[in-house]
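Q: First the structure, then my questions, so here it is.
The values are calculated or read from the model by the stated rules, or taken from the named source; none is laboratory data. Everything quoted here is computed from the prediction, not taken from an experiment. Cβ: placed from backbone, ideal geometry, glycine included. Neighbour counts: every protein chain shown.
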């Protein structure tokens, strides 16, 4: 004899905001970057980190997208700045002006005040893209000096890591 027990059934498209209970995960997409990347761009210009992007097509226009990136990075005597973009749009941009040093507006940074250090830097943002079209999220890097190295301990021939970016569609 078969038996099915449940205390709740969630529709495939998640729970709508009108039910008073939002937050169901509808789908998850992830990209894993295993190779290395470097940039020595020491201006306020940001560079796409090749392979650290994820595409997701929301099923509902009122869905939110929870994006989390974990970036394994290193440098020496410099600061690595990271930001998340939806397409070409810098979402949730911090307040500030260039006169206050905000030319490096970022979601996260890693500060290296000695030779050859490494860190795993995390960005997590709940975005409201308001679309059912394919949407790409990507990570960019800027650096104040030295060389931002992704997925490898700077200045060594070993100590490798991985970086990930995950997008989860969440019902409204």
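Q: If I ask for residues that are farther than 20 Å from residue 90 by Cβ and assigned to a strand (DSSP E or B), which ones from the stretch 151-172 would you list?
A: Within the stretch 151-172, 152, 160, 164, 168, 169, 170 qualify.
Q: Considering only residues that are in a loop (DSSP other than H, G, I, E, B) and at pLDDT below 95, look in the stretch 133-150 and name the one that is surrounded by the fewest Cβ atoms within 10 Å (Cβ to Cβ).
A: 145
Q: Can you tell me which of (1) modelled with pLDDT under 95; (2) within 29 Å of residue 107 (Cβ to Cβ) is the one residue 1 doesn't meet?
A: The one condition residue 1 does not meet is (2).
Q: Taking interchain pairs and intrachain pairs at least six residues apart, which have beta carbon atoms under 8 angstrom, with the first residue in the stretch 51-65 and without any contact (Cβ under 8 Å) to a residue 40 or more places away in the chain and the second surrounded by fewer than 14 Cβ atoms within 10 Å (Cβ to Cβ) and part of a loop (DSSP other than H, G, I, E, B)?
A: That search, which allows pairs on different chains as well, returns 51/35.
Q: What are the residues in the stretch 51-69 that are within 13 Å of the chain's Cα centre (by Cα) and surrounded by fewer than 20 Cβ atoms within 10 Å (Cβ to Cβ), if any?
A: Passing the criteria: 51, 53, 55, 66, 68.
Q: Does any residue in the stretch 100-113 that is modelled with pLDDT of 70 or more come within less than 6 Å, Cβ to Cβ, of a residue that is exposed (fewer than 14 other Cβ atoms within 10 Å of the Cβ) and assigned to a helix (DSSP H, G or I) six or more places away or on a different chain, and which pairs are these?
A: That search, which allows pairs on different chains as well, returns nothing.
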